[in-house]
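The values are calculated or read from the model by the stated rules, or taken from the named source; none is laboratory data. Keep in mind it's a predicted model, so treat the numbers as computed, not measured. Here the Cβ positions follow ideal geometry from the backbone for every residue, glycine too, while neighbour counts run over all protein chains shown. SASA here: full protein model, heavy atoms, side chains in, ligands and nucleic acids out. Shrake-Rupley method; radii C 1.70, N 1.55, O 1.52, S 1.80 Å.
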Amino acid sequence: MTLGAHKPKSVLVTGGAGFIGANFVEYLLDTDPDIRVITLDALTYAGSMGNLQRAMPEARHRFIEGDISDAAVVRKVFSDEAVDTVVHFAAESHVDRSITGPAAFIQTNVVGTFILLEAARSAWPARKDVRFHHVSTDEVFGSLSETDPPFNETTPYSPNSPYSASKAGSDHLVRAYHHTYGLPITITNCSNNYGPYQHAEKFIPTVIRSALAGKPIPIYGAGLNVRDWLYVKDHCTAIDAVVRRGRTGNTYLVGGRSERRNIDIAREICAMLDEMSPRPAGNYAELLTPVTDRLGHDFRYAIDSRMIESELGWSPLETFDTGIRKTVGWYLANPRHLEGRN
């Protein structure tokens with residue numbers, strides 16, 4: 001592995017109309033005036049042109065509707081746009097959907113990643129002034145008990161859902177292309193993200209949407225499952241640091257140092273809504289309702305992000321309390337997004 005010093009010029013962001021991808025597109029355009037960004041997105045249920053409203057008028061941004069599993073489309077993007085950097089977000093990512101329909105997860109997360117890697121290998125023979133960055137998840141490491149130490153870069157993979165297994169497979173493919181072909185790659189495995197543009201079916205938007213509608217707020221089981229939470233803007237700064245300065249061939253774990261039980265998150269959101277948008281009849285927490293737990297529900301995820309903190313000087317700017325307040329405020333100002341319309 002060699003210490004990175006990469007300056008991206010023409011960046012292909014896959015899945016850039018999705019939650020984290022759209023935030024990253026905005027971040028690049030806001031922070032680097034010399035960069036060009038090409039967003040490639042199939043605009044499935046998880047992607048929306050509304051997420052790119054700020055980016056679309058920008059002359060340095062181009063949107064291409066296309067599927068990463070379509071090799072012809074991907075090769076054309078590489079050749080037409082002189083891509084020197086890939087930041088690969090595009091993925092099927094909802095665990096519940098992977099349980100009821102796993103095939104799409106294999107196609108997008110494994111086959112799609114393979115096609116991107118092949119296009120990069122073909123377009124960049126022996127080049128070192130390029131970078132393929134793969135965005136992954138902490139779910140590939142499986143589940144922790146209440147007392148287990150957090151995941152780190154040496155934790156063995158032990159995925160428990162079709163979603164996490166498909167992401168584990170894509171991680172291994174990316175690493176193999178570095179080892180076998182010398183492709184300059186980096187990988188990040190992040191904890192649960194939250195913030196603007198998150199899809200309406202995810203946990204935090206679901207709590208907000210259900211509360212504002214006066215409907216039962218669904219909580220799996222007793223709500224005791226624990227996740228580490230990372231504000232999406234902090235995730236964007238971490239990815240940018242890894243792309244520009246990370247060691248090629250290396251994996252970095254990115255976390256928010258904000259472990260929370262699901263029930264405690266729901267209660268905190270309810271308390272914020274009581275303050276910011278009071279309910280005419282009672283408190284929002286009265287709507288919290290246990291529902292049947294997810295099949296194979298992992299108990300706890302936690303991340304030790306000391307490597308990226310010490311090596312690249314990155315750390316999250318938001319605590320969970322500050323980040324969730326910004327998030328609740330954003331959804332109150334953008335209520336159509338809670339219904340998947342934006």
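Listed highest first by mean packing, meaning other Cβ atoms within 10 Å per residue, what order do 24-32, 270-278 come in?
Numbers: 24-32: 20.0, 270-278: 15.3.
Top of the packing list down: 24-32, 270-278.
Using a cut-off of 15 Å between beta-carbons, work out the net charge of the residues near CYS270 (Lys and Arg +1, Asp and Glu -1, CYS270 not included).
Numbers: positive: ARG209, LYS215, ARG260, ARG261, ARG267, ARG279, ARG325; negative: ASP264, GLU268, ASP274, GLU275, GLU286, ASP321.
Taking every Cβ under 15 Å from that of CYS270, the sum is +1.
What percent does the relative contact order of the chain come to when contacts are Cα pairs within less than 8 Å and at least six residues apart?
Working: 682 pairs, mean separation 67.2, N = 342.
This gives 20 percent for the chain.
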Item to complete: Output ³J(HN,Hα) for the stretch 215-229: one whole-Hz value per residue in order, computed from phi by the Karplus curve 6.51 cos²θ - 1.76 cosθ + 1.60 with θ = phi - 60°, and x for Gly and Pro.
Response: 9, x, 8, x, 10, 4, x, 8, x, 8, 5, 10, 10, 8, 10
Practice prompt. Amide H neighbours of ARG300 under 5 Å, at least 5 residues apart or on other chains, H built in the peptide plane: list them.
Written response: LEU144, VAL226
Worksheet item: Which percentage, to the nearest 5, of the DSSP beta bridges contained in the chain is antiparallel?
Response: 5
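Quick one: with all protein chains in place, what share of the accessible area of the chain is carbon or sulfur, to the nearest percent (1.4 Å probe)?
Working: 7580 of 14080 Å².
Looking at the chain in its full context, I get 54 percent from C and S.
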Worksheet item: Given a cut-off of under 8 Å on Cα pairs at least six residues apart, what relative contact order in percent is computed for the stretch 153-304?
Response: 32
Item to complete: Please work out whether the stretch 260-324 counts as rounded, prolate or oblate from its C-alpha gyration tensor, where a ≥ b ≥ c are the square roots of the eigenvalues and a/c under 1.5 means rounded, while otherwise a/b larger than b/c means prolate and anything else oblate?
Response: oblate
Worksheet item: Got a sec? Charge dipole of the stretch 213-341, +1 on Cβ for Lys and Arg, -1 for Asp and Glu; which of LEU332, GLY256, SER305 is way out at the positive end?
Response: LEU332
Worksheet entry | Contact order normalised by residue count of the stretch 165-228, Cα under 8 Å, 6+ apart, percent | 22
Fill in: Rounded to 10°, Cα long-axis angle of helix 162-181 versus longest principal axis of the chain
20
Worksheet item: Rg and Dmax of the stretch 188-292, Cα atoms, in Å?
Response: 16.4, 56
Discussion item. Quick query: amide H of ALA90 versus all other amide H atoms, modeled in the peptide plane; which residues come in under 5 Å with a sequence gap of 5 or more or a different chain?
Written reply: THR14, GLY15
Worksheet entry | Rg [Å, one decimal], Dmax [Å, integer] - the chain, C-alpha atoms | 19.5, 66
Practice prompt. Output the pairs from LYS128/LYS167; LYS128/LYS202; LYS76/LYS326; LYS7/LYS326; LYS76/LYS202 with a Cα-Cα distance over 29 Å in this structure; if there are none, say none.
Written response: LYS128/LYS202; LYS76/LYS326; LYS7/LYS326; LYS76/LYS202
Practice prompt. Report the local net charge at ILE35: Lys and Arg +1, Asp and Glu -1, summed over other residues whose C-beta lies under 14 Å from its C-beta.
Written response: -1
Discussion item. Can you compute the helix-only [θ] at 222 nm over the chain? Use -39500 (n - 2.57) per DSSP H run of at least 4 residues, normalise by all residues, nearest 500 deg cm²/dmol.
Written reply: -11000 deg cm²/dmol
